[in-house]
Amino acid sequence: MPQETDTLENTKAIWLFDSVCVLCNGAISTTLKYEKAPTIDFVSIHSADGRAIAQQYGIDPDDPDTFLFLDHGRPFAQSDGVIALSKHMKAPFSWIRFGVIIPKAIRDWLYRFVARRRYRLFGKLDTCRVPSDAERARFTI
């Protein structure tokens, strides 16, 4: 994976994720299983690249309140990030894109409600996710 974030951000679909969040890791496992094609790279917000990307987009890497999905350089956060990610997925997860019919204020409120409580509701890992050998090339941890 390229070291310069400009190159990294503009050439791929990238999911900047909280690697100790059980909900996030479950969503990544689901994404790996239901992706239309292996087009998404996963960057832990706890990695050097991840911290730099987070700070560039105004996300506190030590207390992230959203994940970030970069679709070939275009950033999407909160519910827009979920919808952008869903466009890379097979059914039934691709259907999430129809969430755009829900007003953004409501979608983002719901996103923030879950995001603020994610550790309490789903748990927190003691260590970062360790990708399998087959997944390793797609992860920056």
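Bear in mind that the values in this text are calculations on the coordinates, not laboratory data. This structure is a prediction, so every number in the text was calculated from the model and none was measured. Quick reminder, even Gly has a Cβ in these numbers, built from the backbone with ideal geometry, and neighbours come from all protein chains shown.
Brief remarks on what is shown
- Full-stretch length increase - Leu110, Phe122 - with 0.36 nm per residue and alpha-carbon distance subtracted: 2.7 nm
- Each peptide in 44-54, 130-140, 81-91 receives the mean, over its residues, of other Cβ atoms within 10 Å, and ordering these scores from highest gives 44-54, 81-91, 130-140.
- Look at the dipole of the chain built from charges on Cβ: of Val20, His88, Ile101, the Cα furthest out on the positive end belongs to Ile101.
- Net dipole in debye of the chain [+1 Lys, Arg Cβ; -1 Asp, Glu Cβ; about Cα centre; nearest 20]: 700 debye
- Under a 5 Å amide H cut-off, with hydrogens placed 1.01 Å from N, Ala13 pairs with Asp41, His72 among residues at least 5 apart or on other chains.
- Residues whose amide H lies under 5 Å from that of Thr140, counting only those 5 or more places away or on a different chain, are Phe42, Val43, Ser44; hydrogens are built 1.01 Å from N in the peptide plane.
- Extension reserve of the Ser132-Asp65 stretch, reckoned as 0.36 nm per residue once the Cα distance is removed: 21.4 nm
- D by Stokes-Einstein for the chain, Kirkwood Rh over Cα pairs, 4 °C, 1.567 mPa s: 85 µm²/s.
- Mean Cβ neighbour count within 10 Å, used as a protection proxy, ranking 59-66, 96-103 highest first: 59-66, 96-103
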